[in-house]
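Peer 1: This is the structure I have questions about; it appears just below.
All of the numbers you see were taken from the coordinates with simple rules; none came from a lab. Note that the structure is predicted; figures quoted are calculated from it, not measured. No Cβ is skipped: glycine too gets one built from the backbone with ideal geometry, and neighbour counts run over all protein chains shown.
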Amino acid sequence: MLQLQRQKDIMDILKSKKEQTVKELCSALYCSPATIRRDLCDLEKQGLVKRSFGGAILNEGFFDQQPLLIRGVKNVPQKQRICAKAAKLISAGQTIFIDSSSTTYFLAPYLRDIPELTVITNNPHLNIVLSQMKVNNYCTGGKMLNSSIALVGSEAERFVRGIRANAFFFSARGICNGQIFDSSKDERDIKISMLEQSDKLYFLCDSTKFDQSYPYKIIDQSLIDTTITE
């Protein structure tokens, strides 16, 4: 089993049972104690769990800020379908912003064959993937938000404000009553900078985000050019 999938399975178990011993996780996942301990150590560093004697407890703050690498393995088929639709809206020679969400990360394979495309993103993972393609590829710089592996802050926003883009492709944590929300002020702020510098706004959203409200409003849905869902 791949490490990322195994850690997702550990999180799914802890979300259900709140606390587990290493022995219980070994039995559930058919892994050695050493492997489970390494995974729990990694998850603790990400702020997802708290180590206890002989096991781990779910960090209750998990639901507010799930790291990208954990979120990214959820709803993958839906996200791929959404991104396949979204990529059809991108033309040769365009300049586009892409945010740091786990959904828009799945745009990458669909961008490979678009000629003279320029992408600006605050997602270091996406930046690395795009570096293997014939894409003009820029990363914003700025402060690393460890919880979601996103570049944020005044330096990132200043970089964005120096560019005019044809379109902005983004997702968010939720949409409710015609408003689009995020759980992080820093991520909300960089998204606002990107949307203000873009001619067209494309919101990518799977159905699990419907009727979900979070503290920081990004924009009214009525101001979005196209909402793309599965």
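Peer 1: Note down the Stokes-Einstein diffusion coefficient of the chain in µm²/s, whole number, using a Kirkwood radius over alpha carbon pairs, 10 °C, and 1.306 mPa s. Intermediate results must be reported in sequence, preceding the final value.
Peer 2: Numbers: Rh = 18.5 Å.
For these conditions, the coefficient is 86 µm²/s.
Peer 1: Hey, rough spin-label estimate for THR208 and GLU155, points 7 angstrom out along Cα→Cβ, what's it come to in nanometres?
Peer 2: About 3.3 nm, to one decimal.
Peer 1: For the chain, find the longest principal axis of its Cα atoms and tell me its angle to the long axis of helix 33-45, 0 to 90°, nearest 10.
Peer 2: 50
Peer 1: Within a Cβ distance under 15 Å of ASP189, other residues only, what is the Lys/Arg minus Asp/Glu net charge?
Peer 2: Numbers: positive: LYS143, ARG158, ARG161, ARG173, LYS185, ARG188, LYS191, LYS217; negative: ASP99, GLU155, GLU157, ASP182, ASP186, GLU187, GLU196.
Once positives and negatives cancel, what remains is +1.
Peer 1: Separate question: Answer with one residue from ALA86, CYS31, CYS176: the one whose Cα lies farthest towards the positive end of the charge dipole of the chain, charges on Cβ with Lys, Arg +1 and Asp, Glu -1.
Peer 2: Toward the positive end, the furthest listed residue is CYS31.
Peer 1: Another one. Given an 8 Å cut-off on Cα distances and at least 6 residues of separation, report the relative contact order of the stretch 70-228 as a percent.
Peer 2: Numbers: 335 pairs, mean separation 34.5, N = 159.
The value is 22 percent.
Peer 1: At what distance in angstrom do the alpha carbon centres of the stretch 1-37 and the stretch 180-230 lie from each other?
Peer 2: After rounding, the separation between the Cα centres reads 33 Å.
Peer 1: While we're on this one: Where nothing but the Cβ of Lys and Arg (+1) and of Asp and Glu (-1) is charged, how large is the charge dipole of the chain around its Cα centre, in debye to the nearest 20? Intermediate results must be reported in sequence, preceding the final value.
Peer 2: On the way: 30 positive and 25 negative charges, 96 e Å.
Roughly 460 debye, rounded to the nearest 20.
Peer 1: Right, something else. As I understand it, the value is the acute angle between the Cα axis of helix 185-196 and the longest principal axis of the Cα atoms of the chain; what does it come to in degrees, rounded to 10?
Peer 2: Relative to the chain, helix 185-196 is tipped by roughly 20 degrees.
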